[in-house]
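The values are calculated or read from the model by the stated rules, or taken from the named source; none is laboratory data. Computed from a prediction, not measured in an experiment: that's the story for all the values here. Glycine gets a Cβ as well: all are built from the backbone with ideal geometry, and neighbour counts include every protein chain shown.
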Amino acid sequence: MGDMGGGGGKPYLVPSPAVVLGEFFSLGGEGGFWLAVLATLGRTLLCFLLSFVFALGLAALGGVFKPVHRVMSPIVSILRAAPTVAVILILYAFMDKQSMSVVVGALIAFPVLYSAFYSAIDGVDRDVLDMAKLYKVRAVDRVFMIYLPSIAGTLFDSSRATLSLTLKVVIAAEILTNLAGSIGHNIQFYYAAGDEMALLFAWTLVAIVFSFVLEGAVLLLKKLWEATR
């Protein structure tokens with residue numbers, strides 16, 4: 001055990017790993033635990049899917065029509081540079097808690113995905129594309145026979161890392177807005193309680209574990225995709 005400085009100089013006892021793990025495993029049997037986890041994961045998946053679709057669509061357009069990429073490039077740079085907490089607070093002034101957590105997650109994930117997708121699309125072998133045009137291969141066949149196999153690895157790898165990042169951003173938004181029935185709300189609640197540090201660490205561990213779960217799910221999908229090739 002040790003001391004950790006809390007808000008306002010208040011000392012907090014750091015719980016032992018055994019105590020934290022005990023609380024962690026007991027959480028699954030508590031009412032509301034899975035509802036909170038599923039609510040946070042649901043918001044995470046929703047904003048990730050939104051950012052994925054827009055990033056892939058705009059990256060594809062940017063790869064074909066360079067003016068689109070020239071327009072998107074400064075927007076992506078601004079979104080990358082914007083402090084996450086500032087974005088959360090600005091959006092919170094105009095949106096309700098649930099919508100804001102989804103939008104902020106999408107805004108943070110979008111520039112990461114767009115940059116990765118555009119680079120992958122722009123890097124597709126031009127000789128192969130020229131040959132496809134020469135033999136008048138249909139556009140839809142070019143997408144599924146040339147582009148998709150070429151960029152699939154990037155789609156999976158970028159999604160794996162970004163999905164984990166998105167979960168962290170969503171939880172940060174939940175903490176700052178104290179969104180009820182979420183992982184972030186429980187982290188905020190037990191931090192404010194002060195004398196429930198074991199539960200604070202346990203809920204933080206919940207966030208870490210489900211971050212690995214999401215990454216593992218994407219990795220599994222990648223392996224399934226590779227097995228079918």
Do you know which of the residues in region 179-211 that are among the polar types (S, T, N, Q) and free of Cβ contacts under 8 Å to residues at least 40 places away in the same chain is surrounded by the most Cβ atoms within 10 Å (Cβ to Cβ)?
Gln188
So which residues in region 54-65 are of a type outside the set (Gly, Ala, Ser) and surrounded by fewer than 13 Cβ atoms within 10 Å (Cβ to Cβ)?
Val64, Phe65
From the options Val112, Val102, residue that is hydrophobic (A, V, I, L, M, F, W, C), in contact with a Leu (Cβ under 6 Å, 6 or more places away or on another chain) and either closer than 27 Å to Ser150 by Cα or modelled with pLDDT of 90 or more (or both):
Val102
Which one of Thr44, Thr40 is polar (S, T, N, Q) and either under 21 Å from Leu155 (Cβ atoms) or over 21 Å from the mean Cα position of the chain (by Cα) (or both)?
Thr44
For the subset of region 2-45 comprising residues that are in contact with a strand residue (DSSP E or B) (Cβ under 6 Å, 6 or more places away or on another chain) and not small (Gly, Ala, Ser), which member is modelled with the highest pLDDT?
Val14
Would you be able to tell me the number of residues in region 122-179 that are under 30 Å from Ala93 (Cβ atoms) and not in a helix (DSSP H, G or I)?
2
For Val213, the lone unmet condition from (1) of a type outside the set (S, T, N, Q); (2) over 13 Å from the mean Cα position of the chain (by Cα); (3) under 19 Å from Leu21 (Cα atoms) is (2)
